[in-house]
Amino acid sequence: MSSRSTAPEKRPGFFAQLRSLFTFTQAEFSWLGWALGGIVVLGIAIGVLIGFLVPPVAVWSVILWGLTGLMFGILGAMVLLTRLSTRAMYKKLDGMPGASGHVLSTSLGRNWVASDMPVGVNPKTQDAVYRVIGRGGVVIVAEGSRGRLTRLVNDEKMKVQRVASGVPVQVIYVGHGEGDVPISKLSSTIKSLPKKVDRTTMAAVVKRVDSVSQSVTSLPIPKGIDPMRARAPRPR
């Protein structure tokens with residue numbers, strides 16, 4: 001009988017994660033390598049230039065300023081890489097079934113309660129609705145065709161209004177049509193909603209809505225690429 005290893009699973013190191021992040025992002029932005037290299041070289045050049053302009057001009061001073069420019073160049077390159085990786089992630093998620101749930105469950109922070117599982121779903125069309133509860137009230141996020149989502153959205157609105165009377169309920173449609181919110185702006189749109197309820201009321205609404213929510217775990221999950229695999233890997 002073989003014994004199971006009790007050693008903890010080894011996680012990828014910093015440079016391995018950085019390489020994965022670069023590869024992931026470069027798949028969408030082929031010019032990424034040139035941009036990162038250019039930022040680093042520019043940082044070194046600016047540092048050396050400052051070293052020649054700031055007295056006393058000496059070799060050691062120029063070298064120190066060059067190293068400082070190198071550090072700022074690397075920092076700038078990391079900032080660019082992080083921002084572009086986020087854009088690449090949203091490009092991959094755009095139009096993918098389940099993308100809204102992934103964004104809601106990972107990007108809203110502590111002021112909102114959300115899940116990556118839909119509260120209503122049409123197995124045939126893969127249209128789905130998600131529910132978010134926070135200081136801004138209740139937000140119903142609809143993913144799919146507006147026409148086909150009408151029943152799912154109305155059912156969820158009635159359910160929420162029945163147990164949380166007086167709490168504002170808003171509906172956001174994810175997409176690129178008129179009045180829709182792109183997946184890349186979903187998180188920021190929800191976070192920008194004005195605060196209408198206090199934390200005590202928010203906690204009460206979460207409990208009430210959860211108590212009447214019907215489980216959808218038995219319903220088929222919309223097929224497609226797993227949104228979790230489209231998430232850009234980030235270095236620790």
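The values are calculated or read from the model by the stated rules, or taken from the named source; none is laboratory data. All figures in this text were calculated on a predicted structure; none of them were measured in a lab. Reconstructed Cβ throughout: ideal geometry from the backbone, glycine too, with neighbour counts over all protein chains shown. Each accessible area value is taken on the protein alone, full model and side chains, heavy atoms only, with ligands, DNA and RNA left out. Shrake-Rupley method; radii C 1.70, N 1.55, O 1.52, S 1.80 Å.
Assorted remarks:
- Given K92/K207; K124/K191; K92/K185; K159/K207; K92/K157, the pairs whose alpha carbons are separated by over 24 Å: K92/K207; K124/K191; K92/K157
- Of the beta bridges in the chain, as assigned by DSSP with both residues counted there, near 60 percent are antiparallel.
- Modelled FRET efficiency - R0 35 Å, F29 with R148, Cβ distances, 0.05 increments: 0.55
- Entry for Cα extents along the principal axes in Å (calculated from the structure that is shown) out of [x] 50, 43, 35; [y] 76, 60, 36; [z] 53, 52, 32: [y]
- Estimated FRET transfer efficiency (I46, K191; beta-carbon r; R0 35 Å; 0.05): 0.50
- Cα centre as origin, Lys/Arg/Asp/Glu Cβ charges: the chain dipole, Debye: 560
- Filtered trypsin sites (Lys or Arg not before Pro), segment 63-171: DSSP coil and at most 13 other beta carbons within 10 Å: R110, K124
- Stretching R135 away from T201 to a fully extended chain increases their span by 22.9 nm, per 0.36 nm per residue minus the current alpha-carbon distance.
- Here the accessible area of the chain is 59 percent carbon and sulfur, with a 1.4 angstrom probe and all protein chains present.
- Solvent-accessible area per residue, Å², over segment 74-142 with all protein chains present [probe radius 1.4 Å]: 39
- Of all DSSP bridge pairs formed entirely within segment 70-188, close to 60 percent run antiparallel.
- Sparse packing (at most 14 other Cβ atoms within 10 Å of the Cβ) combined with a DSSP loop state is found for the following GluC sites (Glu not before Pro) in segment 79-184: E178.
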